[in-house]
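To start, the structure under review is shown below, and the notes come after it.
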Amino acid sequence: MKINKPPGDGASLHQADEKLVGKKKKEPILPLTREESRRLIRELQERQTELKIQNEALIQSRVEVEAVLRQYSDLYDFAPAGYFTLGRDGIIRQANQVGAHLLGVEYNDLIKQGFNRFVSDKSLPVFNAFFEVLLSGEGKKNCEIEFVKNENELLWADMEATCFEGGNETRAMLTDITERKKAEHALKKSEEQYRTLIEMASDGIFLANSEGRYIEVNSAGCKLLGYTRAEILQLTMREIVKPIPNRDDLLKDLKDGETFLIECELICKDRASVPVEINSSQFPDGRYLGIVRDITERKHTEEALRRTNEALEAAHLKLRQSLAYEQQLARTDSLTGISNRHHFFELASRAFSSAARYQRPLAIIMFDVDHLKEVNDSFGHAAGDTMLMQIAQVASAEMRSVDVLARYGGDEFIILLPETSARQAQFIAERICVSARPLGITLSIGIAEFQHNPLDENVDRMINRADKALYKAKEKGRNSIVIYSPDL
């Protein structure tokens, strides 16, 4: 800080005064001339002016010094930390306002108090040892102290102190770290809870660094592999996890922030393999987290289930085959292998409904083997059965895939012909007769078609008309084909 210096030399003025006084002593007092009086008055005025300037300079310097003191006092009192000056006996000699506020007392009630009065019982041994080291003059020291303020409120502070004047004075600075201590306590508590949860988990939990070396594992993980925790922390993922297909791709996906669930095998301490399911992810700092579940029992269950399913599928297939065979028997004539009467009526009813709905043609052929009774009587029923099987084969060969051939009963057969008129059905009947002649078999055939006007009520009406036409063919001497007409 710059202080203005008053003009003039004070020492020279003092010497001039003494010289003037000395002259007065040596010389007799004579009346002053007008000129001398004027000179003396001028000197006195100059002296008065110099004194006035010096006085103003001193006043200005004092104002400036007081302003600086106030500034530093404010900085001291309202600094972001508490400042204390302690004697060798630990008595507080001086403190700032922030220090008083930190300890929860008024400034006047703080001075001349023992500093250790505000230290908690838990931290008192720490503070006493710290203060003793300070008094030994080993330089600046730090420690963390717990204080009690307002009788029941705790304050944690970082105390930085230095000893001066051979230990007679200690200057200390307190920084409030209560919130940090609370955060550390909460973090410690959270870590303890985390550790408890990790240890209570039934699945193995493994944590590895970015190089794949394990840095943490819980008890379940140790038990799964048969290692101690210290042993696992000496291993890497490659030493425990058996090779996984597309391993590099999976690790790349993890680095991209994805997670994966995969089944693989781990190598135990006794070199045995254990099947596991791993749910893995990677932290931003590169660490890998794996939650490992033993799936040995599940694998055994899956294998047993697979074998059971295979047995069930085999039994189901056999059942379906048996059912299909039973259904085939229910629909098939046992002698000829063609449809039986019951199955024929099922198919004929559907075809009849379709023809009626869409006004489409539909025809039925009924025929029987001529003179079959004589064959049975002359050559036996086996010969007659042979004739029936032969005629079924012949008729099937002349039909379309959409036509239905059935044994109607005894030596009678019936054919359902969708999208066929009576005249078209006649051509098929003629081909069947031609094919049967080389076997020495003749047929009597009756044909009827679906009537749209008047509309047939059901398929039975068509069958009755075809039966009448068959009867007419027999009356004509057999080996003939008759198409039903109302005048029969």
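The values are calculated or read from the model by the stated rules, or taken from the named source; none is laboratory data. These numbers were taken from a predicted model, which means no experiment stands behind them. Heads up, the Cβs are rebuilt from the backbone with ideal geometry, glycines too, and the neighbour counts pull from every protein chain shown.
Candidates in the stretch 193-211 are the residues that are closer than 18 Å to residue 229 by Cα and exposed (fewer than 12 other Cβ atoms within 10 Å of the Cβ); of these, the one that is modelled with the lowest pLDDT is 194.
So if I check each of 459, 434, which one is within 19 Å of residue 346 (Cβ to Cβ) and of a type in the set (Val, Ile, Thr)?
Working: 434 fails: within 19 Å of residue 346 (Cβ to Cβ).
Just one listed residue meets the conditions, 459.
The rows are residues; the columns are (1) at pLDDT 90 or above; (2) surrounded by 15 or more Cβ atoms within 10 Å (Cβ to Cβ); (3) in contact with a Ser or Thr (Cβ under 6 Å, 6 or more places away or on another chain).
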position	(1), (2), (3)
110	no, yes, no
126	yes, yes, no
130	yes, yes, no
140	no, no, yes
144	yes, yes, no
160	yes, yes, no
164	no, no, no
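The residues of the stretch 457-488 that are out of contact with any Asp or Glu (no Cβ under 8 Å at 6 or more places or on another chain) and of a type in the set (S, T, N, Q), listed by number, are 458, 464, 480, 485. Being over 20 Å from the mean Cα position of the chain (by Cα) and loosely packed, with under 14 Cβ neighbours inside 10 Å is the requirement here; does residue 219 meet it? It is false that residue 219 is over 20 Å from the mean Cα position of the chain (by Cα) and loosely packed, with under 14 Cβ neighbours inside 10 Å. Looking across the stretch 401-428, the residues that are over 25 Å from residue 334 (Cβ atoms) and surrounded by fewer than 24 Cβ atoms within 10 Å (Cβ to Cβ) come down to 418, 419, 421, 422, 423, 424, 426, 427, 428.
Among residues that are among the β-branched types (Val, Ile, Thr), in the same structural domain as residue 477 (by TED's automatic domain parsing) and without any contact (Cβ under 8 Å) to a residue 60 or more places away in the chain, residue 369 is not included. Considering only residues in the stretch 101-123 that are in a helix (DSSP H, G or I) and in contact with a Phe, Trp or Tyr (Cβ under 8 Å, 6 or more places away or on another chain), the one that is nearest to residue 146 (Cα to Cα) turns out to be 118.
Considering every residue within the stretch 395-409, establish whether at least one is assigned by TED's automatic domain parsing to the domain that holds residue 479, touching a residue at least 12 places away in the same chain (Cβ under 8 Å), over 21 Å from residue 423 (Cα atoms) and of a type in the set (Lys, Arg). Within the stretch 395-409 (the criterion being assigned by TED's automatic domain parsing to the domain that holds residue 479, touching a residue at least 12 places away in the same chain (Cβ under 8 Å), over 21 Å from residue 423 (Cα atoms) and of a type in the set (Lys, Arg)), the answer is yes, since at least one residue qualifies. Within the stretch 455-488, the residues that satisfy the criterion of being basic (Lys, Arg) and within 20 Å of residue 354 (Cβ to Cβ) are 461, 465.
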